[in-house]
1. When Ser121, Ser104 are ordered from fewest to most other Cβ atoms inside 10 Å of their Cβ, what list results?
2. Run the paramagnetic zone check for Glu21: 7 angstrom along Cα to Cβ, then residues of the range 64-95 with backbone nitrogen under 20 Å.
3. Provide the gained length on full extension for the span Leu61 to Asp28, in nm with one decimal, where the gain is 0.36 nm per separating residue minus the Cα-Cα distance.
4. In nm, to one decimal, how far is the modelled label at Glu113 from the one at Glu94, with both set 7 Å along Cα→Cβ?
5. Quick one: Karplus J couplings for the range 31-44, per residue in order, coefficients 6.51, -1.76, 1.60, θ = phi - 60°, nearest Hz, x for Gly and Pro?
6. Taking a threshold of 19 Å on the Cα-Cα distance, which of the pairs Lys3/Lys114; Lys69/Lys119; Lys3/Lys117; Lys48/Lys72; Lys69/Lys117; Lys3/Lys48 fall above it?
7. Per residue, what volume in Å³ does the Cα convex hull of the range 2-123 take up?
8. Once you compute Rg and the Kirkwood Rh from C-alpha atoms, what is the Rg to Rh ratio for the range 80-121?
Amino acid sequence: MLKTLNYMIVDDEPLAIDVIENYLGRLDAHNITRCENAVEAFQALQNKPFDVVFLDIEMPLLSGIEFLKSVKEPPLIIITTAYRDYAVEGFELEVIDYLVKPVSFPRWMKAMEKLVKLKLSVSQPLQKRARPPKPPTISSSKSTGNS
């Protein structure tokens with residue numbers, strides 16, 4: 001499932017993009033778009049649907065948080081940043097996870113596990129729960145003879 005998703009990595013540090021791209025490569029993911037700022041990412045979203053965006057916060061022109069607030073229907077977001085200060089705001093904006101750089105592979109995999117759980121819960125229909133049998137209804141229709 002993970003290798004067929006469309007990914008975008010948005011970061012102004014090419015080395016940080018390389019790290020996430022390398023991690024995605026370990027999962028055999030190939031549908032990866034690199035963006036060096038949020039304006040470039042916004043333009044890419046206009047041209048192609050993305051399933052997951054790895055988003056840095058501190059970037060020139062437009063921050064990751066400003067970008068996230070400006071997108072009407074954002075894809076699933078995993079924040080990757082050197083700053084812990086934005087974690088609460090990130091989760092208020094319903095990001096999947098908040099990864100603090102340098103991101104280790106085991107920690108990144110935990111974020112991907114969250115992604116898989118979320119994608120599976122959204123894609124699989126809810127199973128109908130077995131309902132307990134209704135108790136028999138007692139009819140209280142007594143004939144009163146007043147007809």
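What follows is calculated from the coordinates using simple rules that are stated; it is not laboratory data. Remember, it's a predicted structure, so these values are computed and weren't measured experimentally. Cβ: placed from backbone, ideal geometry, glycine included. Neighbour counts: every protein chain shown.
1. Sorted ascending by nearby Cβ count, the order is Ser121, Ser104.
2. 78-82
3. Separation in residues times 0.36 nm, less the Cα-Cα distance, equals 8.6 nm.
4. 2.5 nm
5. Using θ = phi - 60°, the values come out as 8, 10, 10, 9, 10, 8, 7, 6, 5, 4, 5, 4, 5, 5 Hz.
6. Too far apart for the 19 Å limit: Lys69/Lys119; Lys69/Lys117.
7. 99 Å³
8. On the way: Rg = 10.8 Å, Rh = 10.9 Å.
Rounded to two decimals, Rg/Rh equals 0.99.
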